[in-house]
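The values are calculated or read from the model by the stated rules, or taken from the named source; none is laboratory data. All figures in this text were calculated on a predicted structure; none of them were measured in a lab. Virtual Cβ from ideal backbone geometry, glycine too; neighbours counted across all protein chains shown. SASA here: full protein model, heavy atoms, side chains in, ligands and nucleic acids out. Shrake-Rupley method; radii C 1.70, N 1.55, O 1.52, S 1.80 Å.
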Amino acid sequence: MRYLPKLSGHRLAPAPVLRWRYALFLAVLLSPALLFAQTYGSDGPVPILTGNAGFFTNVVAGKTEIVSEINPVVLVPLGDHWLIEARGEFEGDFQRKDWGDGPYGGQVAKELDYLQADYIANPYVTVTVGRFLTPFGIYNERLYPIWIRDLQSTPLIFPIGTGSSNGVMFRGGFPLNTKVNLNYATYFSVSSTNDTLDSDRTAGGRAGLFFPGPRVEVGASWQKLLQEGRNNAFGFHFAWQPTWLPLNLRSEFARSNLGSGYWIEAAYRLSQVRAWNKFMRHAEVVGRAQQLFAGQITEDDAAEYGLPDVNTREADFGLNYYLHDGLKATASYGRQFSSDGNFNLWNVGIAYRFALPLARPGLQ
């Protein structure tokens, strides 16, 4: 359900071509595990294939869309200091043709979110080289996977400053004193127009302060585009998990030439409800309020980035039910308001998380 600007205008390739593309894409994604899966001793960690899959039905302004998605993640540890990790995304978006009366049709989009090598230099610094998630704000890196996110629709400001980058990144964290920890990430990305490895030439970073006592994090992000308009993007984030309440409260603000806006989201687990506690402890209610102020860009540019071209407000309410560890059902309702018209957004679906070892300890 992430907007894919490089793929949105492509026509569906013939079936033989698609099969070769998917085979190559899977080879790139799984090659680290295939190369190193037989090299692990009995005391070391083993490669893991993990990720999530989901099936959803979206109804936006009365138009129904069926979405199926799978996001495999490969983790390959190499000794005590190296880790190779990769995540792919396969998403099928299917809508009725012939003005809503025909059969469902569409295409399967594919994307390589990241393929990176991490070197853990010391407890405070990790060096990453390759393709990685752009560290701008918190949603892109921490909340985007369909198993983790509390509402399946991404925030309106999500395309601002986020996506994937190709280059080098330094990140880590350390305590400033007994009451506050600093976390940071800084990076440089090169430009690429390849459909699978698309990225802009940018530099930027993010820094956050985490207070373990109240379990609060505040932080800021910055990004500089080093091509075309050489524009800046700024962001701020806030997260709170109170110790006395099963609540996650998160918020982000972002501003760039593409637009500006914010979102505030609260997710409350009903585990403290005494009535029907055996049932209610698996349920979670979610609410999000957000607003976007359109930037000084054309309607075509807004469509390319997946942003509204007019000022937009939206409110969403959702319910998640965790059937068991690794499987949850989700449903939500939203209402969007703008000068282009007001409409409803409905979503219902199921998300599954999986994890499989790719080798047995002791294999050489």
* Structure fact -> FRET efficiency for Val127 and Thr57 from the Cβ-Cβ distance with R0 = 45 Å, rounded to 0.05, comes out at 0.60
* Kindly report the accessible area of the chain per residue (heavy atoms of protein chains, probe 1.4 Å, no ligands, DNA or RNA), in Å². => 52
* To do: Once you have the Cα-Cα distance between Val285 and Trp346, take 0.36 nm times their residue separation minus that, and quote the gain in nm to one decimal.
  => 20.4 nm
* Asked: Given a cut-off of under 8 Å on Cα pairs at least six residues apart, what relative contact order in percent is computed for the chain?
  -> 16
* Asked: If the chain between Ile148 and Ala220 were fully stretched, how many nm would it gain, using 0.36 nm times the residue separation less the Cα-Cα distance?
  -> 23.7 nm
* Structure fact -> Shape descriptor, the stretch 203-329: equivalent ellipsoid semi-axes (Cα gyration tensor, sqrt 5λ, whole Å, largest first) stand at 35, 19, 12
* Relative contact order for the stretch 67-121: what is it in percent, counting Cα pairs under 8 Å that are at least 6 residues apart? -> 37
* Asked: What FRET efficiency do you get for Phe170 and Ser191 if R0 is 22 Å and r is their Cβ-Cβ distance, rounded to the nearest 0.05?
  -> 0.60
* Asked: Using the Cα atoms as the points, what is the convex hull volume per residue of the chain in Å³?
  -> 164
* To do: Determine the gain in length on full extension of the stretch Ile264-Tyr305; use 0.36 nm per residue of separation and subtract their C-alpha separation, reporting nm with one decimal.
  => 12.6 nm
* Roughly to the nearest percent, how much of the accessible area of the chain is carbon and sulfur, given a 1.4 Å probe? -> 61
* Structure fact -> Rounded to the nearest 500, the 222 nm mean residue ellipticity computed for the chain from DSSP H runs (n ≥ 4, each -39500 (n - 2.57)) alone is -2500 deg cm²/dmol
* Could you work out how far apart the two model spin labels at Ala315 and Asn257 are, taking each label as a point 7 Å from the Cα in the direction of the beta carbon, and quote it in nm? => 3.6
* To do: Distance from a point 7 Å along Cα→Cβ of Gln227 to each backbone N in the stretch 127-171: keep the residues under 19 Å and list them by number.
  => 130-136, 159-169
* **Solvent-accessible surface ranking, highest first, for Thr193, Thr162 at 1.4 angstrom** => Thr193, Thr162
* Asked: Just Ser260, Ser339, Ser165 to compare: in a GNM of the chain, with alpha carbon springs under 10 Å, which one fluctuates most?
  -> Ser339
* Leaving ligands, DNA and RNA out of it, work out the accessible area of Leu249 with a 1.4 Å probe and give it in Å² to the nearest 10. => 50
* Asked: If each of Leu356 and Lys179 carries a label point 7 Å out from its Cα toward its Cβ, how far apart are those two points in nm?
  -> 5.0
